[in-house]
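**Q** Here it is, the structure, as structure tokens.
The values are calculated or read from the model by the stated rules, or taken from the named source; none is laboratory data. Quick caveat, the model's predicted, so the values are computed rather than measured. Note: ideal-geometry Cβ built from the backbone for every residue, glycine included; neighbour counts use all protein chains shown.
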């Protein structure tokens, strides 16, 4: 019998207007997805290590992308669809400018090992239920 895993996923989003990131009047923001050679595209994530704090795992995922977590940390959604794995979606914040352009690159190296990951910005209309709930929470629930 295998142990249950806890995956920590980062929701990183790119607003349509970086000067008004919460303004969705022109449409919902795009979400960063990655893929490491095996489909499907997914949110950047890591497996929580034994004894590791949730925030440390989220920082590890952000570091692999070359991003820094926002100062206020929050879990936006949970995914319990897989019987052996629970996923917590953590707010990775929004990005624009240089970060957005780097993240939009076709291939980018991971900072923790020499593997290359593909990255792309996905339209919010094509996201699954968990990512949609997490994006809605990021946009409508003010950080505390």
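**Q** Suppose we filter 102, 68 for residues that are surrounded by fewer than 18 Cβ atoms within 10 Å (Cβ to Cβ), closer than 22 Å to residue 19 by Cα and either under 14 Å from the mean Cα position of the chain (by Cα) or at pLDDT 90 or above (or both); which single one remains?
**A** 68
**Q** Quick one: residue 81 ticks every box in (1) touching a strand residue (DSSP E or B) at 6+ places or on another chain (Cβ under 8 Å); (2) assigned to a strand (DSSP E or B); (3) at pLDDT 85 or above except a single one, so which number is it?
**A** Just one mismatch for residue 81, condition (1).
**Q** Name every residue in region 20-63 that is without any contact (Cβ under 8 Å) to a residue 40 or more places away in the chain, part of a loop (DSSP other than H, G, I, E, B) and closer than 24 Å to residue 3 by Cα, in order of residue number.
**A** Those that are without any contact (Cβ under 8 Å) to a residue 40 or more places away in the chain, part of a loop (DSSP other than H, G, I, E, B) and closer than 24 Å to residue 3 by Cα: 38, 39, 40, 49, 50, 51, 52, 53.
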